[in-house]
Structure formats: C-alpha cells, structure tokens
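Report on one structure; see the data block that follows.
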Amino acid sequence: MIYKRSSALFNDAKKYIPGGVNSPVRAFKAVGGDPIFVKEAKGAYLYDEDGNKLIDYIASWGPLILGHAHEPVLNAIIDKAKKGTSFGMPTEIETDLAKLAVSMVPNIDKIRFVNSGTEACMSAVRLARGYTGKDKIIKFAGCYHGHSDSFLIQAGSGAVTFGSPNSPGVTQGTAKDTLLANYNDLASVKALTNANAGEIAAIIIEPIAGNMGCIIPTPEFIKGLRELCTQEGILLIFDEVMTGFRLGAGGAQEALGINADIVTFGKVIGGGLPVGAFAARNEIMSYLAPEGPVYQAGTLSGNPLAMSAGLAMLTELNTKPQVFKSLAEKTEYLHKGFDAVLKTKNIPYQINRYGSMISVHFTDTPVVDFASSAKGNNDTFKKYFHGMLEQGIYLPPSAFESYFLNDALSYDDLDKTINALKKVF
C-alpha cells in the first residue's frame, strides 16, 4: 500500500504539534514508520488519506463497540448539535444517561461525568483519599490509568517503600504516595499493605488489563484483592475505562463477579465522543462537591453531544444484550484462526483473550503481568504489524495494547484477517 499523503501530513503536523501527534501511541514509535492519517470510517473499516481501506481492530481504542458512524449514535449527535453544542448548565440528558448507567452497572448508586478517562481516574483517587482520610494508593505495573501525576510511577529502590516518577514533571512528593504492585501477584500487594498499614486509601486496577496487552486476572488474585481491601478498609477502584459496557452491560464487575467500591468509565459510555465518568455507592459519592467536601469540577462535563452519543450507545447495548455474545464469538473465532496459523510457524507466541479484547504476544512465556508481557519479541511484532498493515489490517501499533473488536466486523472480515496473517510469516 502507498502512504505518501499520510507521510506528508505527518511531516507537516510535526511542525506544529509535538511529535506530530496529540497522543504518543499514534506516532508509531514502537513499530517504526509514519502513522496513518485517517480520512473517514464506516462500520468496521477505516479509509485513510491515501485512499486505502483498512479493517479496523482498535475501534478508536474501544468506544466504537458497534462500529464507526453507527447510525443511531450519529443521528443522536446531529439532532442534539442542532439545539446547541455546549451550555455550561444542567441538561436533562445528563440525568437520562446517569439513570441508564446506574441501572446497568452493579453496586453503584450515583455517577459523575467528566471529560476523559484520565480525569475519571484522577477524580476517583481524590474521592477515595477524601473518603478514607488516607494518602497512599497502590497501582499495578503495566496498568495505565491516564497521565495524571499519581499514575506515572515506576518501581523505586525498595519494593515496599515507594515508587519514583517515570516522567519529568512528576514530583518525588507525588511519587511517594503511589505504591507499585505486580499484577496477578497478591503477595506483592500484601507486602505493601503490611509495610504501609493504615495509610492506604485505595487500590486501583484495570480488572481486565488492556495496556500491557489483554491480561486476565486469576480468580484467586482478583477475589483475594477484594477480600484484602475489605479487611484493611481500603477502597477498591476498578478502572473500567476500557472494560465498562464492553465486557457486558455491567462491565468487568459483572463479568468477574467482583464488586468494586469505585468504578471509572470512558470509551463506550461516550459513544466515541470525549467523555469519562466515575461512580460509587451513595455513602462514597456523598463526599463529592457540592454535596460533600471533596472538590471536583469541569466546565464542559456532561457536554450534551457526548451525553447524547453515550445515551444512544448504552440504550442500544441495553436493549440488545446479544451484542456482547456476538462480539465474544467473533473474538473467539479470530483467536482460533490466529492460533491455527501461528502454530504452523516456528515462532513463539501467546494469545490472550477476554470477551471482545484480544492480544498477540511473541514469547514462549505465558503473559500474566507486565514483566512477562515485556518479554515479547518486538522485532517480530514490528514485522507482524507492518505485514498485516500491508494486507489492509489495522492493528494497535504497539505490542502493549489490546485489540478491540467491533460488532460491525463480519466473519468475512475475520477470515481476511486470518488469511492476511498467513502471508506475513
């Protein structure tokens, strides 16, 4: 395929936008080459600025669960835009979406809308600290909760002391309150809680991880985490920005049978528009301003266009629960197809899958946490990514990202994807 116009657009963008992109993963740093500039999309397909048609496996990193330019969502946005795009005042549609979300998700009574997943997770941690009166949090290596300072932490010199910043601009003072544990390793969490007894406000986790590839928690780990939080008076925060309304109507809480204390959302809840949210039981949400002392605000929060897109999306998912079964079946079909191809090649690989999330790792070690995910052969991944792209398949341009299937994908699309893989290696 030819990408002359995309390359030209990227060169122009670099003159005015840092790195030529507004989010680093778009820059193709992990795979090499220039990023693809998309012109439009419909259903399961992307159409780039060079006229290439690509089968899409990122779905705008998750929100477009029913495909691009889905008519009910599109019509809802258009109808609402004709009445005004932003007011900075309350609107009825905010309550409509809140009612629907609360009815679909277990263990929440109230929800607050924000503008991004980063903002949702940042606000959830502040709320947890305000509610518990404690300062420290535990997060897991490889889990991404946005670019708020509290989350940009790497392991420090002592595993049971505190972390250190992994980005300039994050202070040591901030880093000391974030403790880093290993995913699927309950012992590492207990070591931190024991060493910091009575000081931990919350443990935040991607219940199904998507930022080190798709990684599934063991039942013992996720159940043990819930029990530990209950025993120690720690709030368990599920970052469901990726999994919320994607793994089922009730998200990962429903899928795993585990109740979190605070849940964050993004992606699907906005139907493809920039939006986030966090939710909890009444006794926790009552600490939030203006009802309580924990301050959080946003001039454009509850934007009517985002609310209309989210309401249209969740309404369809709520009335057509078979979508989740359909997506899971398509993802399983892709998994089996990839497995059949790769096992005939002399290439170590692992495939992780849960619901409509899936990832391929080029390693002979089971991928259960960040360390095992990092063992993947990145040269093989680069060959795989660019080989699939040449065949018209758009995958996440990083070995550390989950694929997100959308229900507009046909079985013919899946077969084309599987056949493309045969040509790569």
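The values are calculated or read from the model by the stated rules, or taken from the named source; none is laboratory data. Because the structure is a prediction, the values reported are computed rather than measured. Reconstructed Cβ throughout: ideal geometry from the backbone, glycine too, with neighbour counts over all protein chains shown. Only protein heavy atoms, including side chains, enter the accessible area calculation; ligands, DNA and RNA are left aside. Shrake-Rupley method; radii C 1.70, N 1.55, O 1.52, S 1.80 Å.
Size descriptors for the chain, from the alpha-carbon set: Rg then Dmax equal 21.2, 61 Å.
Summing Cβ point charges (Lys, Arg +1; Asp, Glu -1) relative to the Cα centre of the chain gives a dipole of roughly 680 debye. What's the center-to-center distance, using Cα atoms, between the stretch 283-349 and the stretch 105-158 in Å? The two parts, judged by their Cα centres, are 18 Å apart. Of all accessible surface on the stretch 372-425 at a 1.4 Å probe, what whole percent is carbon and sulfur? Percent of accessible area from carbon and sulfur atoms in the stretch 372-425: 45.
Expressed as a fraction of 2.2 N^0.38 Å, the value expected for a compact globular protein of N residues, the C-alpha radius of gyration of the stretch 90-237 is 1.08.
Order these peptides, 96-103, 134-141, by their mean beta-carbon neighbour count within 10 angstrom, highest first. The partial results should precede the final answer.
On the way: 96-103: 17.8, 134-141: 21.4.
Result, highest mean first: 134-141, 96-103.
Quote the charge dipole size of the stretch 1-128 about the Cα centre in Debye, to the nearest 20; the model charges only the Cβ of Lys and Arg (+1) and of Asp and Glu (-1).
Magnitude of the dipole: close to 280 debye.
Dividing the alpha-carbon radius of gyration of the stretch 311-358 by the rule-of-thumb value 2.2 N^0.38 Å gives 1.54. Dividing the summed -39500 (n - 2.57) terms of all DSSP H runs of n ≥ 4 by the residue count of the chain sets its mean residue ellipticity at 222 nm at -11000 deg cm²/dmol.
Sequence-ordered 3J(HN,Hα) estimates for the stretch 225-236 from the Karplus curve with 6.51, -1.76 and 1.60 and θ = phi - 60° stand at 5, 4, 5, 5, 4, 5, 5, 9, x, 9, 7, 9 Hz, glycine and proline given as x.
Expressed in Å, the radius of gyration and Dmax of the Cα atoms of the stretch 332-425 are 12.5, 36. Between LYS190 and ARG281, the contour length at 0.36 nm per residue exceeds the Cα-Cα span by 30.2 nm. Placing +1 on the Cβ of every Lys and Arg and -1 on the Cβ of every Asp and Glu, with nothing else charged, gives the stretch 286-425 a dipole about its Cα centre of roughly 440 debye.
Along the axis of the charge dipole computed for the chain (Cβ charges of +1 for Lys and Arg, -1 for Asp and Glu, origin at the Cα centre), the listed residues SER308, LEU327, PRO24 are led at the positive end by PRO24. For HIS68, nonlocal amide neighbours, meaning residues 5 or more places apart or on other chains whose placed amide H falls under 5 Å from its own, are GLY43, ALA44, TYR45.
Of the peptides 80-89, 336-345, how do they stack up when ordered by the mean number of other Cβ atoms within 10 Å, highest first?
336-345, 80-89
Figure legend: label point modelled 7 angstrom from the Cα of ASN259 along Cα→Cβ; residues of the stretch 100-129 with amide N under 14 Å from it are 105-110. Applied to the stretch 26-34, the Karplus parametrisation 6.51 cos²θ - 1.76 cosθ + 1.60 on θ = phi - 60° returns per-residue 3J(HN,Hα) values of 6, 7, 6, 4, 6, 10, x, x, 9 Hz, with x for Gly and Pro. Suppose R0 equals 51 Å; then what is the FRET efficiency for SER167 and GLU291 from their Cβ-Cβ distance, rounded to the nearest 0.05? Once rounded, the FRET efficiency stands at 0.90.
Please report the relative contact order for the chain, taking Cα pairs under 8 Å with a sequence separation of at least 6, and give it as a percent rounded to a whole number. After rounding, I find 22 percent.
Remark on GLY276: its backbone amide H falls under 5 Å from those of VAL114, ASN115, SER116, a criterion applied only to residues 5 or more positions apart or on other chains, H modelled at 1.01 Å from N. Checking the cross-link pairs LYS80/LYS110; LYS15/LYS416; LYS4/LYS330 against a 26 Å limit on the alpha carbon distance flags LYS15/LYS416; LYS4/LYS330 as lying beyond it. Counting only aspartates and glutamates at least 8 places from LYS382 when in the same chain, those with an alpha carbon closer than 15 Å to its own are ASP34, GLU390, GLU401.
What the pair-distance distribution of the stretch 13-115 shows, using all Cα-Cα distances binned every 5 Å from zero, is 2, 9, 12, 16, 17, 15, 14, 10, 5, 1 percent. The eigenvalues of the Cα gyration tensor, multiplied by 5 and square-rooted, give the stretch 239-280 an equivalent ellipsoid with semi-axes of 17, 12, 6 Å from largest to smallest. Between ASP109 and THR230, residue separation times 0.36 nm minus the direct Cα-Cα distance comes to 41.6 nm.
In sequence order, the stretch 337-345 has phi-based couplings of x, 5, 4, 4, 6, 5, 6, 8, 9 Hz under the Karplus curve 6.51 cos²θ - 1.76 cosθ + 1.60, θ = phi - 60°, and Gly or Pro positions carry x. Taking 13 Å as the cut-off, no amide N atom of the stretch 407-422 comes nearer than this to a point 7 Å along the Cα-to-beta-carbon line of LYS343.
Computed extension length for LYS14-LYS223: 70.6 nm, one decimal, from 0.36 nm per residue of separation with the Cα-Cα distance subtracted.
Between the alpha-carbon centres of the stretch 18-37 and the stretch 392-425 there is a gap of 20 Å.
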